[in-house]
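*Asks:* My questions all concern the structure below.
The values are calculated or read from the model by the stated rules, or taken from the named source; none is laboratory data. Treat the numbers as computed from the prediction; the structure is a model and nothing was measured. Note that each Cβ is placed from the backbone with ideal geometry, even for glycine, and that neighbours are counted across all protein chains shown. Accessible surface areas use protein heavy atoms only, side chains included; no ligands, DNA or RNA. Shrake-Rupley method; radii C 1.70, N 1.55, O 1.52, S 1.80 Å.
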Amino acid sequence: MTMSDDTTPDVALIRDADLKQELERHKRRNLLPKMLALEVRILIERQTERDAAEAERQSALEAMPREKRRRAQVHDHFLNEEPQAEDLRHLHSVLAICGLPYDRLPLDVREYSREQGNMAIDVTAGSLRGPDGSKMLQPLPFGPKARLILMHLCSEAIRQQSPTIEIADTFTAFVRDMGFSDSGGKKGPLTAFREQLNALASCSIKISSWNGHKVRSRQFFPIEEMDVWLSANQDQPSLWPSTVTFSSTMFESLQKHALPVNARAVRAFQGSARKLDLYFWLGWRIHNINEPLHISWDAITEQFGSGFTRQRDFKAKFKEEVGHLKEVLPKLPLKLTEQGLVLSPADPTVLALPPVRKPLKKA
């Protein structure tokens with residue numbers, strides 16, 4: 001074995017950075033060739049053991065169902081890397097308190113309401129014009145894709161510091177970044193995202209709060225303007241917009257109430273609207289408490305139990321989904337009891353956020 005050349009086959013088997021550094025330290029010690037050869041063999045054995053463990057881990061990941069595999073991959077990333085600023089995204093905090101429908105509602109259902117405590121959100125579906133000028137009713141925005149789009153638009157508005165968001169070149173990349181393919185077609189992910197973007201662009205939202213003495217309401221179109229190229233193809237009535245413009249009300253409110261989230265954590269839950277809502281809601285709650293918060297099962301059901309007729313069925317599903325969140329974020333200060341949920345104050349890192357954040361005003 002020739003030890004003076006790093007291209008020696010045995011030495012080339014050492015690939016991990018820390019093992020390479022250790023090899024360089026051994027070389028600088030001017031060891032006798034036999035001693036150096038022994039140290040190299042030890043490093044190669046360690047590399048081989050690591051490779052075998054990684055291959056076993058990859059095999060186990062491939063055998064997992066897709067959603068579980070995605071959670072495991074994000075969890076592994078968080079174990080090996082601290083939260084990074086480039087993974088920071090934003091969502092309007094009101095949307096973390098009162099979310100959109102979880103499932104598709106019939107087209108003739110034009111309104112949706114959701115309450116949480118002393119706040120409520122009312123969403124009214126709208127319409128767009130087709131290539132021939134005809135009115136096309138849009139559904140109420142729903143599901144995980146609508147939430148992911150709102151996160152993307154809010155994040156870009158914050159990043160670009162403008163209510164007008166250039167999305168022609170960013171949206172497809174965003175869809176891929178969230179773990180979806182960028183295929184179009186009638187059932188492709190891009191088509192589903194386009195449907196939700198159109199629904200969001202045409203809907204109006206009213207946010208209300210009350211204190212027993214007075215009620216305060218504000219109604220607005222979250223998206224004031226959207227430039228879209230139209231197609232004569234009935235199966236593809238609209239293509240990707242080049243720009244989307246938030247209303248002044250939405251943009252000003254977003255600047256005051258931008259909730260930070262981690263894009264990688266969001267990706268882990270991208271297939272479930274309820275898990276996304278829970279992650280967003282936990283971010284808002286943890287930021288706004290200074291002592292343990294106890295929330296009853298009735299209040300939790302009101303917040304997240306849409307679609308369930310029996311609370312015991314919801315409780316079983318909710319416990320399962322909290323378990324999924326803890327697979328990705330094991331330090332979540334959340335405990336489920338017979339009475340409900342106990343949430344404790346914590347550092348932002350439990351949500352995979354960088355430790356320093358821009359102050360967030362309460363909604």
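*Asks:* Out of these labelled values of volume of the Cα convex hull per residue in Å³, (i) 147; (ii) 167; (iii) 195, which was calculated from the coordinates shown here?
*Replies:* Given (i) 147; (ii) 167; (iii) 195, the calculated one carries the label (iii).
*Asks:* If I model a spin label at residue 160 and residue 69 as a point 7 Å from the Cα along the Cα→Cβ vector, what separation in nanometres do I get?
*Replies:* For residue 160 paired with residue 69, the spin-label model returns 3.5 nm.
*Asks:* Considering Cα pairs under 8 angstrom that are at least six residues apart, work out the relative contact order of the chain and quote it in whole percent. The partial results should precede the final answer.
*Replies:* Values: 533 pairs, mean separation 66.2, N = 363.
So the answer I get is 18 percent.
*Asks:* Oh, and also: Running a GNM on the chain with Cα contacts under 10 Å, which residue among 309, 164, 301 ends up with the highest mean-square fluctuation?
*Replies:* 309
*Asks:* State, to one decimal in nm, how far the label point of residue 104 lies from the label point of residue 218, with both points 7 Å from Cα in the Cβ direction.
*Replies:* Result: 3.3 nm between the two label points.
*Asks:* Largest first, how would 208, 162 line up by accessible area (1.4 Å probe)?
*Replies:* So, going from the largest accessible area down, we get 162, 208.
*Asks:* Next question. Report the local net charge at residue 300: Lys and Arg +1, Asp and Glu -1, summed over other residues whose C-beta lies under 15 Å from its C-beta.
*Replies:* +2
*Asks:* Within a Cβ distance under 13 Å of residue 203, other residues only, what is the Lys/Arg minus Asp/Glu net charge?
*Replies:* Summing Lys and Arg as +1 and Asp and Glu as -1 gives -2.
*Asks:* Between 301, 205, 153, whose Cα lies farthest towards the positive end of the dipole of the chain when Lys and Arg beta carbons carry +1 and Asp and Glu beta carbons carry -1, centred on the Cα centre?
*Replies:* The residue sitting farthest along the positive end of the dipole is 301.
*Asks:* While we're on this one: Taking the mean number of other Cβ atoms within 10 Å as a proxy for protection, how do you rank 188-196, 17-25, 73-81 from highest to lowest? All intermediate terms of the calculation are to be shown ahead of the outcome.
*Replies:* Details: 188-196: 18.4, 17-25: 12.8, 73-81: 14.7.
For the peptides 188-196, 17-25, 73-81, the packing ranking is 188-196, 73-81, 17-25.
*Asks:* Expressed in nm to one decimal, what extension gain is obtained for the pair residue 319 and residue 24 from 0.36 nm per residue of sequence separation less their Cα-Cα distance?
*Replies:* Additional length available on full extension: 101.2 nm.
*Asks:* How much accessible surface area, in Å² rounded to 10, belongs to the heavy atoms of residue 124 with a 1.4 Å probe?
*Replies:* Spelled out: residue 124, probe radius 1.4 Å, area about 40 Å².
*Asks:* Oh, and also: Against the longest principal axis of the chain, how steep is helix 33-63, in degrees 0 to 90 to the nearest 10, with axes from Cα atoms?
*Replies:* Once rounded, one gets 30 degrees.
*Asks:* Set the bar at 30 Å for Cα to Cα. Now go through 68/335; 187/317; 186/319; 135/206 and name every pair that lies beyond it.
*Replies:* Exceeds cut-off: 186/319.
*Asks:* Could I ask something else about it? Once the piece of chain linking residue 136 and residue 311 is laid out straight, how much longer is it, given 0.36 nm per residue of separation minus the C-alpha distance between them?
*Replies:* Computed gain between residue 136 and residue 311 is 59.2 nm.
*Asks:* Over the chain, with a Gaussian network built from C-alpha contacts below 10 Å, which listed residue (29, 46, 147) shows the highest mean-square fluctuation?
*Replies:* The residue that fluctuates most here is 29.
*Asks:* Suppose R0 equals 22 Å; then what is the FRET efficiency for residue 204 and residue 118 from their Cβ-Cβ distance, rounded to the nearest 0.05? Kindly include the intermediate steps, with their values, before the conclusion.
*Replies:* Details: r = 22 Å, r/R0 = 0.99.
So, using R0 = 22 Å, E works out to roughly 0.50.
*Asks:* If you take the charge dipole of region 26-106 about its Cα centre, with +1 on Lys and Arg Cβ and -1 on Asp and Glu Cβ, which of 32, 93, 106 is farthest toward its positive end?
*Replies:* Most positive-ward Cα: 32.
*Asks:* Next question. Using the Cα centre as the reference, give the magnitude of the dipole from point charges on the C-beta atoms of the chain (Lys, Arg: +1; Asp, Glu: -1; all else neutral), rounded to the nearest 20 debye.
*Replies:* Values: 51 positive and 47 negative charges, 183 e Å.
That gives a dipole near 880 debye.
*Asks:* Another one. So, counting K/R as plus one and D/E as minus one, what does the shell of residues with Cβ under 12 Å around residue 246 add up to?
*Replies:* Local net charge: -4.
*Asks:* Bin all alpha-carbon pair distances of region 256-348 at 10 Å intervals from 0 and give each bin's fraction as a whole percent.
*Replies:* Bins of 10 Å from zero give 15, 51, 31, 3 percent of pairs.
*Asks:* Tell me, what % of the accessible area of region 40-128 is carbon and sulfur with a 1.4 angstrom probe? Mind dumping the intermediate values first?
*Replies:* Working: 2470 of 4960 Å².
Carbon-and-sulfur percentage of accessible area, whole number: 50.
*Asks:* Where nothing but the Cβ of Lys and Arg (+1) and of Asp and Glu (-1) is charged, how large is the charge dipole of region 1-108 around its Cα centre, in debye to the nearest 20?
*Replies:* Roughly 180 debye for region 1-108.
*Asks:* Determine, from the Cβ-Cβ distance of residue 177 and residue 242 and an R0 of 25 Å, the FRET efficiency 1/(1 + (r/R0)^6), rounded to the nearest 0.05.
*Replies:* Efficiency, from the Cβ-Cβ distance: 0.80.
*Asks:* Let me ask something else about it. Subtract the Cα-Cα distance of residue 54 and residue 295 from 0.36 nm times their separation in residues, and report this length gain in nm to one decimal.
*Replies:* 82.6 nm
*Asks:* Let me ask something else. Taking amide hydrogens as modeled 1.01 Å from N in the peptide plane, which residues meet the under 5 Å criterion relative to residue 293, leaving out close sequence neighbours?
*Replies:* 343, 344
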